[in-house]
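These notes are about the structure you will find just below.
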Amino acid sequence: MLTSFLKTFQELVYVERFPASKGVLQRINPQVKLGCIVAFILSALAVRTILPLAVLLVALVILCFLSKIPLKFFFVRATVFIPIFAAAIALPLLFITPGRLLAEVGYAGLVAKVTIEGVYRAVQFTFRIWICVASLILLVLTTKFSRLIQVMKSFKFPNVFITMTAITYRFIFLFINEAYRMALAKESRTVVKEPRMRAIRAFAKMIATLFIRSYERGERVYLAMISRGYSGTVKSSSKMKIGLKDWFFAVASMVVCLLVLSVEYLPLGGW
């Protein structure tokens with residue numbers, strides 16, 4: 001079971017096969033692409049109803065399709081982690097928002113009232129977070145990681161943040177593979193089903209061993225970087241140019257954002 005989880009997690013975080021596809025977003029300048037994605041996120045944060053968010057969802061699905069990214073993979077990747085956490089955070093809105101009564105939940109004399117307005121606010125909050133996460137995931141799925149690092153450098157991100165991001169991304173697959181090999185070795189040596197407490201202890205030992213190996217490997221990598229003249233900055237020799245197609249995509253993205261904001265202030269935005 002653990003090996004299956006690690007294998008699935010590795011497939012979810014591995015995205016290098018999609019930036020090599022010949023889709024629409026893959027051909028857009030990463031700087032322009034990042035600016036448009038930020039505009040999508042700001043538009044999602046600016047609206048207070050569900051219909052404008054639905055317009056952004058349609059735009060993201062169209063871009064995903066044009067970029068040759070499987071919709072199932074995109075929706076699974078955008079829904080597995082953060083939106084579920086956001087839904088848990090939005091759960092109290094069901095009970096603390098005043099409005100029309102929808103249902104009552106009670107136990108031992110304690111009654112909590114669920115309102116229609118509370119359900120709407122919870123759905124709207126979760127939907128907004130999903131749109132923001134999906135926008136960033138679409139950026140990652142269509143841009144090589146080295147280009148993202150170059151974009152962060154061009155936008156004057158702190159060098160420490162850039163370095164930590166680059167190292168984390170490069171080594172997360174190594175550590176997942178190491179954990180997968182350890183779990184596979186343990187399962188291959190297990191003949192009968194272990195008692196629950198014994199399995200928990202074995203799992204804890206495996207985590208401790210993985211932590212020690214990660215620390216030792218990090219030390220070796222750092223010393224190797226120092227010996228090769230690493231000075232604390234990420235250098236890149238390639239340059240990014242903005243062409244006609246990049247300007248066209250930027251204008252189209254701004255039109256979508258203006259449409260979203262317009263829907264918010266039209267009678268249709270009241271839903």
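Order 138-147, 85-94 from most to least packed using the mean count of other Cβ atoms within 10 Å.
Numbers: 138-147: 19.7, 85-94: 15.5.
Sorting 138-147, 85-94 by mean packing, highest first, produces 138-147, 85-94.
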**Report entry** Base-10 log of normalised Debye intensity for the chain (one unit scatterer per alpha-carbon) at q = 0.07, 0.11, 0.15, 0.17 Å⁻¹
**Finding:** -0.38, -0.86, -1.19, -1.30
Query raised in the report: How large is ³J(HN,Hα), in whole Hz, for each residue of region 20-32 in order, when computed from phi with the Karplus curve 6.51 cos²θ - 1.76 cosθ + 1.60 and θ = phi - 60°, using x for Gly and Pro?
Result: 7, 6, 9, x, 5, 5, 5, 8, 8, 4, x, 5, 5
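Quick check on the chain: helices-only [θ] at 222 nm, where DSSP H runs of length 4 and up contribute -39,500 (n - 2.57) each and the sum goes over total residues. Nearest 500, please.
Numbers: 11 runs with 188 residues, N = 271.
One gets -23500 deg cm²/dmol as the mean residue ellipticity at 222 nm.
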Report summary line: Scalar couplings 3J(HN,Hα) for region 83-96 by Karplus 6.51 cos²θ - 1.76 cosθ + 1.60 (θ = phi - 60°), nearest whole Hz, x for Gly and Pro, are x, 5, 5, 5, 5, 5, 5, 6, 4, x, 4, 4, 9, 9
Report summary line: Listing Met164, Met206, Met182 by rising number of other beta-carbon atoms within 10 angstrom, fewest first, gives Met164, Met206, Met182
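Check each of the trypsin sites (Lys or Arg not before Pro) in region 191-230 and keep only those in coil by DSSP with at most 11 other C-beta atoms within 10 angstrom; list them in order.
On the way: sites: Lys193, Arg196, Arg198, Arg201, Lys205, Arg213, Arg217, Arg220, Arg228; in loops: Lys193, Arg228.
When the trypsin sites (Lys or Arg not before Pro) of region 191-230 are filtered for loop state and at most 11 Cβ neighbours within 10 Å, Lys193, Arg228 remain.
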Requested in this report: Would you mind ranking Leu259, Leu53, Leu45 so that the residue whose beta carbon has the fewest other beta carbons within 10 Å leads the list?
Outcome: Leu45, Leu259, Leu53
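Read the figures in this text as sums done on the coordinates, not as results from a lab. Model, not experiment: these values are computed from the prediction. So basically every Cβ, Gly included, is an ideal-geometry build from the backbone, and we count neighbours across all protein chains shown.
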